[in-house]
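Notes follow once the structure below has been shown.
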Amino acid sequence: MIATLSAVTRDRLRRFMRIMRMAAVIGAGVGALYAVAIAGPGARALLGSLLISIPIGVMDALLTASWIAGIEIFLLTRASMRWLDALPFAAVFILKTLVYGAIAGAVLAGQPGERLLGVVTVYDARTWLIAVCLSLVPVAVVVMMFQAAGLVGYRTFVALLLGKYRRPYAERRFFLFVDVVGSTAIAERLGALEAHRFLAAVFSAVAEPIELCRGEIYQYVGDEIVITWVEADGVADARALRCFFAIRAALAADANRFVQRFGVQPELRAALHLGEVIAGEVGQVRRAIVFHGDVMNTTGRLEQATREVGCFFIASAEALASLGPPPEIRTHDLGALALRGRIEPIHAFCVEHSDRSALKSA
């Protein structure tokens, strides 16, 4: 059964299960705290309270989290739910808080864990109202975290939350620069507003394949997306190399919508490089994780070189040596390329899929 699921669905199921594990731990902790608060004197009374409160906390947390995580991971990622992206941040925050708060309140009122263990407590209306209102507080915190993570990227958000890059250090990373071909001409034809909508639609369409390849969207620069992986993550299943073709496939599958909406099918150029960067947090009012190093400039120069060599996807020899291209990927040796702003040339290859989708006249 699992083998027949798509890669996207499997990845979403893994995320769902991670949240379920976290919910179980949190529920057990809340149940334990509640048991300590209500337990009578003596170790036996405490043990009895723990044996009841912990399972109840786990069951209630799993039921609540399954609904919220299911909506976030499986429902809101559908194309039919993209209308939410047009709403202001505050409106989405309030809407989600009310919906998820209602779910938490329904679980609280239904007492599923208590009913299963046969310890249902009857509360008056005032007590229920207070409990439901209090449930909105943790729900609002969770929604705010989801929204903030969506703005900066989930991996970046977790890294900031844990202080991973509080102290800068060196690490080897892949960088994939992906550029929309002909964006200047498209902007002239469509106008500034429609050109923005076109790029926003492109960036939205490629988000899922990037996530599937475990890439981190470092930043958007005009019509360009900068994607990065730590070396170990990029090497696994040649993700850093496959990502570009996964992006192209997603856009090709959505081609009719782009042609109908904007009169053009998006085309991309890209460059991939690997090297050492210094990663660390910067900023005071707005914190961000930044990467400094020659690898960034070199990747940008390689992307510019795609126009000169007639190839839509260039990868440095260093990146390919680390990855070991899979069988369906073909490479064409471009030799040592002289790049603007660099004294030393860099050995690079034109990269194409087995359907020869990358080697075209640029």
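Where a number appears in this text, it was derived from the coordinates with a stated rule and is not lab data. Remember, it's a predicted structure, so these values are computed and weren't measured experimentally. Note: ideal-geometry Cβ built from the backbone for every residue, glycine included; neighbour counts use all protein chains shown.
Partnerless cysteines in the chain, where a partner means another cysteine C-beta under 4.7 angstrom, comprise 133.
Contact order normalised by length for the stretch 163-353, with contacts defined as Cα pairs under 8 Å and 6 or more residues apart; what percent is it?
Working: 326 pairs, mean separation 46.4, N = 191.
The value is 24 percent.
Under 15 Å from a label point 7 Å along Cα→Cβ of residue 253: give me every residue in the stretch 202-229 with its amide N that close. Within reach of a label on residue 253, which here means backbone N under 15 Å from a point 7 Å along Cα→Cβ, the stretch 202-229 contributes 204-214.
Contact order for the chain, expressed relative to its length and based on alpha carbon pairs under 8 Å spaced 6+ residues apart, stands at 12 percent. Subtract the Cα-Cα distance of residue 46 and residue 91 from 0.36 nm times their separation in residues, and report this length gain in nm to one decimal. Result: 11.8 nm gained on full extension.
Shown in residue order for the stretch 226-232 are the 3J(HN,Hα) couplings computed by the Karplus curve 6.51 cos²θ - 1.76 cosθ + 1.60 at θ = phi - 60°: 10, 10, 9, 9, 5, 3, 4 Hz (x for Gly and Pro).
The label-point distance for residue 166 and residue 278, in a model that sets each label 7 Å from Cα toward Cβ, rounds to 2.0 nm.
Taking other Cβ within 10 Å of each residue's Cβ, how do 97, 298 sort, fewest first?
On the way: 97 18, 298 23.
The order, fewest Cβ neighbours first, is 97, 298.
Among 267-273, 18-24, 281-287, the peptide with the highest mean count of other Cβ atoms within 10 Å heads the list, and the full ranking is 267-273, 18-24, 281-287. Amide H contacts under 5 Å for residue 347: 317, 337, restricted to partners 5 or more places along the chain or on a different chain, H placed in the peptide plane at 1.01 Å from N.
Distances between placed amide hydrogens fall under 5 Å for residue 267 paired with 181, all partners being 5 or more residues away or on another chain. Comparing 255, 192, 232 in a Gaussian network model of the chain, where Cα atoms under 10 Å apart are tied by springs, the biggest mean-square fluctuation is seen for 192.
Residue 26 to residue 347: FRET efficiency via 1/(1 + (r/R0)^6), r the Cβ-Cβ distance, R0 35 Å, to the nearest 0.05?
On the way: r = 51 Å, r/R0 = 1.45.
Computed FRET efficiency for residue 26 and residue 347 comes out at 0.10.
A simple spin-label model places the labels of residue 330 and residue 236 3.1 nm from each other, with each point 7 Å out along Cα-to-Cβ.
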